[in-house]
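Encoded as structure tokens, the structure appears first; notes follow it.
Readers should treat all values here as calculations from the given coordinates under stated rules, not as data from a laboratory. Worth saying up front: this structure is predicted, and the values here are computed from it rather than measured. Every residue, glycine among them, receives a Cβ derived from its backbone with ideal geometry; neighbour counts consider all protein chains shown.
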């Protein structure tokens, strides 16, 4: 099946199976859930970035007509957090707030307006504490600590790994390049504001409908936060109106409405305002980076050393994983014989950061790809040729023990070079116009779940019956990316039926087998493989029944176009429904399950659990810019992008993911930033969001979006369903560095940080005019107390995947912190 | 302290060609009344400040941000929402093209863009790419990068011209 090359469904451009619901307004998002007797919730959020909550008086709010319930921190004694290692949040802060926006109280009332007005009646006395606004301040301010856990002072997390002696390799290199880069934070800004509805059913059990990408994780974390048996909690992930990583945490409001529904015995809804969505954030970490790379004079990399410093905001969230991701995937694009990686995440008094499209990897990828551009120039090499010479090999191991399977990166580079007419443009366009090239790679699913277990990461259940209907159940979650379409397409392909005849029931912890959710680009590969297994099991039963009837062998039965037929005499056939009837007669009620666990990763050292994936996707991108020297305005005129997809399941959706990634990447490159300013001291130096609105948080509109030319490289990966890799995140990665490299080609200035805004362009041009280094970017990297690294020899230096300066471990996966 | 909610207004709104009696607080926006009092949840919201375009509906044929329109002011006007776009089971050409060509990914901004595009095509049955970009520049989409939206509108326009 997986080696087949001719398909009836896979690879054909099609209307997605949920397309009709989306264009008729029938897709039911969380805020569209309206239930009888439903009441409404609003949260009171801290105006202080760091303060002790001395007292809360809710009596006036409680007395307000129409108010049903007021909750405070004392109603939520249990801490929570999405990762088992960071249980540092409270649904409502009982005694300390850590960022402007940290919730301290909740009102539930007959309508939103009443709840909103009652918030004003709650009196909270705060005592301000010293605040931390950025990582340098965090390193210099060990007291007061934001949290009692972590490495030391206000350092949440430190990590250090060395794969081969990097200092030695640097010394032996012909050239050593050292650069410091900064990647500003930005946020998901899904158009759907987060909403949740909680209700108690007839049996007294809780149901939560929510805008979440990860119903299984929410199920676990919510049951713990409320101290309820998980079997009495049902989480339904409504289709998300965009996720991009921002709906992956358990959020305060989800716990609050659940508790309120249990207390009131009636449905409780909350929908966040747009301003609250900005403050809740969990988006891209601001990261300061230092990169040292050794190269030979003929353009081979000898080693790389990446150091990162992450501004984590006020809580842990997924931050431990984010910290790993600022280093671990640097090795999968190019041959890097030795690699060292130090990372540090600090707490600051700002909204917590977390996963956003590309989770932790766009920042170091930006640094790496801009530095490669500088290296190519210094060595007198064409940036495309230089990269083609160092592309990682298929079926190889990296220095940090990641297993690369298929890699279509070279083909991607060749495609964008050809389609963009690179050779005629690079360093040849008139002053003010330029082209830039960059590449990227991403996971097709994190190798490990966020909590340690040996169970499948995706489960699929299929039901067929005599009516001919096929229903597929899976915990995967539709966030707009097309996960239902992947599921239906795969089941339809295996069973030889029309994808529109498959009914998808997804993202409901009471009805669907566990799937870990829509994050880390895992759905196509993991859900897809589980779906193939379930569908093949049922197909085998049907084939046996049909073969008995046709007096042949099951392996001679074919499935296509709603027919079950003799492979060597396709005229002998029956309808799919007739075949199901035969199978139901022979085997009884028909059902099958499939499950998927990723292959075991070869690394054995502590921390080797982050980075492995069943496959990696690759992308190359060329951006053309025009830069106005007077205003500093950057106009991106066209983008060429090629993505190594393995195989496209539905090319319409694939193209949409790629173009959407380019769009979001251009936003990050040119304008999007989640930035804060201090209010005056009398307002406790509050760190408030500069631009918490969709008007001021600039994103590309239709008028700003350039034409995108998309190409696919289809080299099926054996670990992937029909060979199909991810496409939701990888194509974002090369966009930002390609823009920076194109700006350099256009006007000869280096902007070593994003966003690349007109003021920075003008500042760099001014430096250039004065004969100074025409560069804008961070000047230095601070002293970070990185620990002595865990040392692991690369595979080609006699390593066995274990650390050489730590006790041997049987399985790295057992102790890995998180994916 | 503010007083309790003011007395509801009671009036008839014409939505998708049907008049409906509805009673609601006088301060409510058209968006709120459509969604909360008439159960027409096809119209979405992304900011409730007139910034994102998700709530666009047609009022007398003109795209209006329903989060900024006061519902009581819409009495006597012809309001069109995404629920009224299809003819029975038959999708409007815009709906069909958006579904076929990737114009809708998460689908959340889609109703607002469909209504905006409907107004555009009624004014200009054969709009240029530039005209389309301009028409939907007030509708933010975080998923698509807009290109498949342009193509969907162009394809719908083509189908509509062919069928007259």
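With viscosity set to 1.306 mPa s and temperature to 10 °C, compute the Stokes-Einstein D of the stretch A:668-733, Rh being the Kirkwood radius across alpha carbon pairs; µm²/s, no decimals.
Numbers: Rh = 16.3 Å.
Approximately 97 µm²/s, per Stokes-Einstein.
How high is the FRET efficiency between residue A:95 and residue A:800 when r is their beta carbon distance and R₀ equals 41 Å, given to the nearest 0.05? Each step should come with its number before you reach the end.
On the way: r = 49 Å, r/R0 = 1.20.
After rounding, the FRET efficiency stands at 0.25.
State, to one decimal in nm, how far the label point of residue B:129 lies from the label point of residue B:20, with both points 7 Å from Cα in the Cβ direction.
4.0 nm
Please compute the modelled spin-label separation between residue A:419 and residue B:70, points set 7 Å along Cα→Cβ, answer in nm with one decimal.
Computed distance between label sites residue B:70 and residue A:419 equals 5.2 nm.
Which whole number gives the average, over all residues in A:32-43, of C-beta atoms from other chains lying within 10 Å of the residue C-beta? Working shown, then result.
Details: counts 5, 1, 4, 0, 0, 0, 0, 0, 0, 0, 0, 0.
Average per residue, whole number: 1.
Show that you can apply the helix-only estimate: for chain A, add -39,500 (n - 2.57) for every DSSP H stretch of four or more residues, divide by all residues, and state [θ] at 222 nm to the nearest 500. Write down the numbers at each step before the final one.
Numbers: 20 runs with 209 residues, N = 819.
Roughly -7500 deg cm²/dmol at 222 nm, from the helical runs in chain A.
When a/c is below 1.5 the answer is rounded, else prolate if a/b is larger than b/c, else oblate, so apply that to the protein assembly as shown with a ≥ b ≥ c taken from the square roots of the Cα gyration tensor eigenvalues.
Working: a/c = 1.31, a/b = 1.08, b/c = 1.21.
Cα axes put the protein assembly as shown in the rounded bin.
Of the listed peptides A:717-729, A:384-396, A:114-126, what is their order by residue-averaged count of other C-beta atoms within 10 Å, with the highest listed first? Intermediate results must be reported in sequence, preceding the final value.
Numbers: A:717-729: 26.8, A:384-396: 16.5, A:114-126: 18.5.
Going by the mean number of other Cβ atoms within 10 Å, highest first, we get A:717-729, A:114-126, A:384-396.
Is any residue of the stretch A:271-300 close enough, with backbone N under 15 Å, to a label point placed 7 angstrom from the Cα of residue A:174 along the Cα-Cβ axis, and if so, which?
A:294-300
Order by neighbour count: A:621, A:353, A:504, fewest other Cβ atoms within 10 Å first, most last.
Numbers: A:621 34, A:353 29, A:504 23.
Fewest to most other Cβ atoms nearby, the residues stand as A:504, A:353, A:621.
Residue separation times 0.36 nm, minus the C-alpha to C-alpha distance between residue A:766 and residue A:696: what's the value? Mind dumping the intermediate values first?
Values: separation 70, 0.36 × 70 = 25.20 nm, distance 2.75 nm.
Length gained, residue A:766 through residue A:696: 22.5 nm.
Calculate the mean, over all residues of peptide B:48-54, of how many other protein chain Cβ atoms lie within 10 angstrom of the residue's Cβ.
Details: counts 4, 6, 2, 6, 8, 3, 5.
Whole-number average of other-chain Cβ neighbours for B:48-54 is 5.
For residue A:568 and residue A:87 in the same chain, what is the full-extension length gain: residue separation times 0.36 nm, less their Cα-Cα distance, in nm?
Values: separation 481, 0.36 × 481 = 173.16 nm, distance 6.08 nm.
Extra length available between residue A:568 and residue A:87 comes to 167.1 nm.
Using Stokes-Einstein with the Kirkwood hydrodynamic radius over Cα pairs, what translational diffusion coefficient do you get for the stretch A:298-431 at 25 °C and a viscosity of 0.890 mPa s, in µm²/s rounded to a whole number? Let's see the in-between values first.
Values: Rh = 16.7 Å.
Rounded to a whole number, D works out at 147 µm²/s.
What FRET efficiency, computed as 1/(1 + (r/R0)^6) with R0 = 22 Å and r the Cβ-Cβ distance, is obtained for residue A:581 and residue A:8, rounded to the nearest 0.05?
Working: r = 22 Å, r/R0 = 1.02.
The computed FRET efficiency comes out at 0.45.
Take every DSSP beta bridge with both residues inside the stretch B:1-91 and express the antiparallel ones as a percent of the total, to the nearest 5. Walk me through the intermediate numbers first.
Working: 15 of 17 bridges.
Bridges in the stretch B:1-91 that DSSP calls antiparallel: roughly 90 percent.
What is the packing order of peptides A:400-410, A:261-271, taking the mean over residues of other C-beta atoms within 10 Å and listing the highest first?
Working: A:400-410: 23.4, A:261-271: 20.8.
Averaged packing, sorted descending, gives the order A:400-410, A:261-271.
Calculate the mean, over all residues of peptide A:190-196, of how many other protein chain Cβ atoms lie within 10 angstrom of the residue's Cβ.
Working: counts 6, 18, 9, 8, 0, 1, 0.
That average works out to 6.
Connecting C-alpha atoms closer than 10 Å in a GNM of chain B, tell me which of B:63, B:111, B:125 has the biggest fluctuation.
Comparing B:63, B:111, B:125 in the GNM, the peak value goes to B:125.
Based on other C-beta atoms within 10 Å, arrange A:566, B:101 from fewest to most. Intermediate results must be reported in sequence, preceding the final value.
Numbers: A:566 17, B:101 24.
Least crowded to most crowded, the residues run A:566, B:101.
Expressed as an acute angle from 0 to 90° and rounded to the nearest 10, what is the orientation of the C-alpha long axis of helix B:110-123 relative to the principal long axis of chain B?
Here the helix axis deviates by roughly 70 degrees.
I'd like to compare A:285-295, B:17-27, A:507-517, A:548-558: which one has the highest average count of other Cβ atoms within 10 Å, and what's the full order after that? Please list the in-between numbers first.
Numbers: A:285-295: 24.5, B:17-27: 12.5, A:507-517: 22.9, A:548-558: 15.1.
By packing density, highest mean first, the sequence is A:285-295, A:507-517, A:548-558, B:17-27.
Please state the shape class of chain B: rounded when a/c is under 1.5, otherwise prolate if a/b exceeds b/c and oblate if not, all from the C-alpha gyration tensor.
Working: a/c = 2.35, a/b = 1.76, b/c = 1.33.
Here chain B falls in the prolate category.
What ranking do A:235, A:435 get, fewest neighbouring Cβ atoms within 10 angstrom at the top?
Numbers: A:235 31, A:435 27.
In order of increasing Cβ crowding within 10 Å: A:435, A:235.
If you take the square roots of the eigenvalues of the alpha-carbon gyration tensor of the stretch A:1-151 and sort them as a ≥ b ≥ c, do you get rounded (a/c under 1.5), prolate (a/b over b/c) or oblate?
Working: a/c = 3.17, a/b = 1.42, b/c = 2.23.
Oblate, because a/c is 1.5 or more while a/b does not exceed b/c.
Once R0 is set to 51 Å, what does the formula 1/(1 + (r/R0)^6) return for the Cβ-Cβ distance between residue A:395 and residue A:145, expressed as a FRET efficiency to the nearest 0.05?
0.60
Compute the distribution of all C-alpha to C-alpha distances in the stretch A:102-146, in bins of 10 Å from 0, and list the percent of pairs in each, rounded to whole numbers.
21, 30, 21, 21, 6
Principal axes first, then extents: for the Cα atoms of the stretch A:136-197, list largest minus smallest coordinate on each axis, whole Å, largest first.
Result, largest extent first: 61, 35, 22 Å.
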